[in-house]
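Everything below concerns the one structure shown next.
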Amino acid sequence: MKKIDKSIKVEKCLNIEEHINELISLLIDVVEDGASIGMLPPLEPLEAKKYWESVLNPNVILLVAKVNSKIVGSVQLHLCSKQNGLHRAEVAKLMTHPNYQRHGIGRLLMENAHDTALEMGKTLLVLDTREGDPSNILYISLGYIKAGRIPAYALSENGQFDATIIYYKNLM
């Protein structure tokens, strides 16, 4: 991995419409590149737009990574609103544009997600990712602990079912 470029900025995205075209392109490009984020290629722009328009709500925080003011990655924190889960959140949809992978963007997004979670009083994070994906290496390097494996969890573009790995991290 290359050293994290200081020109990469991470910020909360509070307005989807302001960035809708960049977010649509990001989603389509990562899905076409094989990312397992709930969608299969080919992903139509209208479907990507519908997805992004449904993301923001009071229990979802969207962080975006920008290089030269262009969105090149994103991650979401889904805050638990149940009384017994107010201390936890789920990390979802970590994406880095294929042209910007291996530059530390995913790590920077995750570190910002950790900081944001702590600022909101969240001390436990959970996530899942396809078994064998490079993201597994990132999550382990960030201190996530493997909690389990679910076989045949998600359909892949080749028609096979892939397992998912569930991770957690205590932030305290």
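Each of the peptides 100-111, 82-93, 119-130 was scored by the mean count of other Cβ atoms within 10 Å over its residues; in descending order, highest first, they stand as 100-111, 119-130, 82-93.
In the frame of its principal axes, the range 91-172 has Cα extents of 41, 31, 19 Å, reported largest first. If you wrap the Cα atoms of the range 1-71 in a convex hull and average its projected area over all directions, you get 5.6 nm².
Given +1 at the Cβ of Lys and Arg, -1 at the Cβ of Asp and Glu and no other charges, the dipole of the chain around its Cα centre is 660 debye to the nearest 20. When only Cα pairs below 8 angstrom with a gap of at least 6 residues are kept, the chain shows a relative contact order of 20 percent. Peptides 55-63, 13-21, 69-77 ranked from most to least packed, by the mean per-residue count of other Cβ atoms within 10 Å: 69-77, 55-63, 13-21. Take the cross-link list Lys6/Lys93; Lys66/Lys169; Lys9/Lys93 and give me the ones stretching past 21 Å between alpha-carbons. Those over the limit are Lys6/Lys93; Lys66/Lys169. Bridging of Lys82 to lysines at a Cα separation below 18 Å is possible for Lys122, once same-chain residues fewer than 8 apart are set aside. For the chain, the convex hull drawn through the C-alpha positions has a volume of 121 cubic angstrom per residue.
Determine the percent antiparallel among the DSSP beta bridges restricted to the range 1-144, to the nearest 5.
On the way: 19 of 22 bridges.
DSSP beta bridges in the range 1-144 are roughly 85 percent antiparallel.
Any read-out appearing in this document is the output of simple, stated calculations on the displayed coordinates, not a laboratory observation. Computed from a predicted model, the values in this text were never measured in an experiment. Quick reminder, even Gly has a Cβ in these numbers, built from the backbone with ideal geometry, and neighbours come from all protein chains shown.
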